[in-house]
Amino acid sequence: MRSKGAMVSDGDTVQVQDVLGTKVKVRLYGIDAPETEKRNRRTGRISKPGQPFGEEAFQALKGKIGGQRVTVEVRDVDRYRRAVSVLRLGGWDVNQEMVREGFAWAYRQYLDRPYASEYIRAEEEARREGRGLWREGNPQPPWEFRKQVRQ
C-alpha cells in the first residue's frame, strides 16, 4: 500500500492515510521501541510512564518519515487491529534502520525470515557500537517494561 503521508505516534507506531483517504494505524513489524510517556488528553496528567530513549525513538522515526509518503508492506494484523508492517521510504527499510541506529530492539519473538537475521544483525551492530539506547549499560526492553507497569 502506498500512503499519502505518515503521522508518527511513537517509536514503532504510525498512522498512514492511503490514497483513498482511509487512515490506517500501523505497528512496525519486527521491532519494539522504548515506550513513550502517555498523557490524558483531558487532564494533561501522565497516564502511562515512558522509559529512557522513548522520546528519542519517537523523534528519530518522525525525522525519518514524518509526513512523507511511505510504502506499507502489511505482514499481519494484530489484536489491536493495527497493520503490522514493514515501512519503506524509497527502497529503504525504515524498521531495520530504527534498530540499526539503536532506537529499537529486534523483536525476536515476532520475527520471521528474511527479516530475522537482518534485524538481529542490525541490533548486534548497534549494541557493539553503543548507538542510541545501547549507550546505557543494560537497557530494559519494552516488553519487560510493559509487564512491570501492568503489575
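Each reported figure results from applying straightforward, stated rules to the coordinates on display, with no laboratory input. No experiment lies behind these values; they were computed from the predicted model shown. Methodologically, a virtual Cβ is constructed for each residue, glycine included, from the backbone with ideal geometry; neighbour enumeration extends over all protein chains shown.
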query = Sorted by average packing, counted as other Cβ atoms within 10 angstrom per residue and highest first, what order do 141-148, 96-103, 64-71, 81-88 take?
reply = 96-103, 81-88, 64-71, 141-148
ask   = Most exposed first by the Cβ proxy, i.e. fewest other Cβ within 10 Å, how do Asp32, Asp12 rank?
value = Asp32, Asp12
query = For the stretch 64-106, what Kirkwood radius comes out of the mean inverse Cα-Cα distance, in Å?
reply = 11.3
ask   = Hey, got a sec? Which chymotrypsin sites (Phe, Trp or Tyr not before Pro) in the stretch 1-83 land in a DSSP loop and have at most 14 other Cβ atoms within 10 Å?
value = Tyr80
query = Which loop GluC sites (Glu not before Pro) in the stretch 1-94, with loop taken from DSSP, have no more than 16 other Cβ atoms within 10 angstrom of their Cβ?
reply = Glu37
inquiry  = Can you compute the helix-only [θ] at 222 nm over the chain? Use -39500 (n - 2.57) per DSSP H run of at least 4 residues, normalise by all residues, nearest 500 deg cm²/dmol.
reply    = -8500 deg cm²/dmol
